[in-house]
Amino acid sequence: MIEQLHPRILENKDWATLLFVLTFAVVAMTKSAYETRFSEFSKLIFSDKYAKIYRDNNHLKSSFTVGLFFVQIISYAFFILLTMNIFGQASKTDWILFIQIATFLLYFILGKYLIEKIVATSFNIDEFVELFNLQKVTYRTYIGVLILPINAVLFYYSNIPKIVPLAIIGISLCISVYSYFISIKTYQNAIIGKLFYFILYLCALEIAPYYFLYYWITKGSA
């Protein structure tokens, strides 16, 4: 009896390995170039010292922020792809889907930032929004760097329990809420002076986009 041979389908993980190496290299170079700043950045969840030292909005366009912004996009895109894979919605080696997710994240974040700039100019709260944005970018980047090694582990392992990505999402949300608390505490004097505009800004640009995004995703998967 002749045994029938079936071609073995191998998943291409080279693109992911290359991206992981590249992003870890960017983190390493950033740490080397900004040793003191990165040290304070790494303690962000335990101390608000970094937020107090680097609160000037000029830091929003520094090479430190730009470099880690790249890491942030890659890290979040991997996490979304891996979460979809764990819940049986996609293949974790689908590089085309990864590019689509990364592109969407890039346009969503930059588009939201530009809209915030327009609204801030209209409400005459440019300086406050710039500082508030810097705080948000800092904590969002921190989460991205934090989950990057976790992404690498999850990518090369199979049969990951669904509780793992849910726990990561829960912790990330807690850090995000904490960041808003720190921002409000830091800029409370500016907020009190423009309380109406701050509430309007918060509802229109911090809550509504994520609500509609959640609604669109859940409706699309229904």
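Numbers below:
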read-out: In Å, descending, principal axis extents of the Cα set of the stretch 23-174; value: 49, 36, 26
read-out: Span per principal axis, largest first, for the Cα atoms of the stretch 88-173 (Å); value: 51, 27, 17
read-out: Sulfur and carbon atoms: percent of accessible area, the stretch 84-135 [1.4 Å]; value: 68 percent
read-out: Cα centroid separation, the stretch 89-111 to the stretch 117-162 (Å); value: 15 Å
read-out: Relative contact order for the stretch 11-148, counting Cα pairs under 8 Å that sit 6 or more residues apart, in percent; value: 32 percent
read-out: Sequence of 140, 37 from largest to smallest accessible area, 1.4 Å probe; value: 140, 37
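The values are calculated or read from the model by the stated rules, or taken from the named source; none is laboratory data. Only a predicted model underlies this, so the values are computations on that prediction, with no experimental measurement involved. Accessible surface is based on the protein model in full, side chains and every heavy atom, while ligands, DNA and RNA are left aside. Shrake-Rupley method; radii C 1.70, N 1.55, O 1.52, S 1.80 Å.
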